1. I need every pair where a residue in the stretch 195-219 that is within 18 Å of P182 (Cα to Cα) has its Cβ under 7 Å from the Cβ of a residue that is among the charged types (D, E, K, R), sequence separation at least 6 or different chains.
2. Within the stretch 181-199, how many residues turn out to be more than 24 Å from V93 (Cβ to Cβ) and under 26 Å from the mean Cα position of the chain (by Cα)?
3. Quick check on Q176: is it at pLDDT 95 or above and under 21 Å from C115 (Cα atoms)?
4. Give the residues of the stretch 135-144 that are within 19 Å of F104 (Cα to Cα) and open to solvent by 70 Å² or more (accessible area, probe 1.4 Å), sorted by residue number.
5. Among the numbered conditions (1) under 24 Å from the mean Cα position of the chain (by Cα); (2) part of a helix (DSSP H, G or I), tell me where R151 comes up short.
6. Tell me which helices (runs of 4 or more DSSP H) are completely within the stretch 169-270 and hold 3 or more residues being touching a His at 6+ places or on another chain (Cβ under 8 Å), or say none if there are none.
7. Any idea which residue in the stretch 14-45 is most open to solvent (accessible area, probe 1.4 Å), counting only those that are part of a helix (DSSP H, G or I) and among the polar types (S, T, N, Q)?
8. Among L103, L119, L128, which is the only one that is open to solvent by less than 90 Å² (accessible area, probe 1.4 Å) and farther than 29 Å from L174 by Cα?
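The values are calculated or read from the model by the stated rules, or taken from the named source; none is laboratory data. Everything numeric in this text was worked out from a predicted model, so none of it was measured. With ideal geometry, Cβ positions are generated from the backbone for all residues, glycine too; neighbour counts draw on all protein chains shown. Note: areas computed on protein heavy atoms with side chains; ligands, DNA, RNA excluded. Shrake-Rupley method; radii C 1.70, N 1.55, O 1.52, S 1.80 Å.
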Amino acid sequence: TAKCGPEQEEFSDAAFFKNLSGVANALDNVQARLYVDQRCVQTGRSLLESGTLGAKGNVQVVVPFLTAHYGADRDPAEKDFPSCTIKSFPYMVQHTIQWARELFEGEYNKMAEDCNTFLDRDDFWATLPKRGNEALQLDLVQTVEKAVKERPTTFEQCIEIARMRFEELFYNNLAQLTFLYPREHQTDKGMPFWSPPKRFPTALKFDARDPLHTAFVYAAAHLVAATYGLPVSKNQDDENYVAKVASQVNVPPFTPKSGIKVNTDESKKE
C-alpha cells in the first residue's frame, strides 16, 4: 500500500485522475484528503469525501463548479475527551470508541514496538530516561518484562490471555470502581456522585454463551497470536472452540482494594 501524497505522483499524477470518472476517499489523515481534493479540483473530478467529523459518520459530496471543495471548508477540530471520562466514566458512544482505539494502540502496537526495541537495541537502557518520567519508565519496563516472560507459544495460551484480559477490563476494573464509588456515593458537596452524565457501570461476568463475550475473546486471542507470529489452525479458528477453551480458564477471584486513586477530574484531557 502506497502513501497518498505528492511523493507518489509517479503513480497518481494528473493523467491518472483525468482517467477517473469520480473519486471516493477512504483516507485516515487530513494531509492526504487535501492532496486528493487538490487533484480533483485541478482535473475537474467529483469527490465523495468520507469519514469527516470523526466518528459522526458525515460525508461530503464535492461537484465541480457546483459545490465548495473539501479544502475550502475544513472540518472543525475534533473535541478532546477528558482522560477520566474515557477510562472510567464514558457516557457517549464516541467515548467507548476512543477507549477501544487507545486499548488497541497500547496492547497490539506500542507494546510490540517497545518489546522489539528492547530486543534489538543495545542502548535500550541508556535511552530509557528519554522516554518520560520515572512512572512512565517503570510502566515501560514492566510492560516489556511481562510481554517477554509471558510470551505464548500456542493459540490456546492466546485464548487464555484474552480471557484474562476480558476479566480485567470488564469485571475487575469495574468492580474496583464501584467499590470505591458505590451507587449511593456522594461528592464533597453532598451531591450524588453518579448523577448524569455519569452512568453507574455493571461489572460483567464472563458467559461463554454470550456472543458478545465470545467475540471479544475470539478477536483478542487472534490479535495476540498475530502479535507473536503464532499460527492458528482451521479447527482453532472457530468461536465455539474459543468459547470452550475460554470457559475452562482458571480465573482467580477478584478482591477490591481500598486506597486506590481514580482520576475524577473531568477538566484534565489527554
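1. Taking only residues 6 or more apart or on different chains, the pairs are F200/R183.
2. Of the residues in that region, 0 qualify.
3. no
4. Selection gives L136, D139, Q142.
5. (2)
6. none
7. Within the stretch 14-45, the match that is most open to solvent (accessible area, probe 1.4 Å) is Q31.
8. Exactly one of L103, L119, L128 is open to solvent by less than 90 Å² (accessible area, probe 1.4 Å) and farther than 29 Å from L174 by Cα, namely L128.
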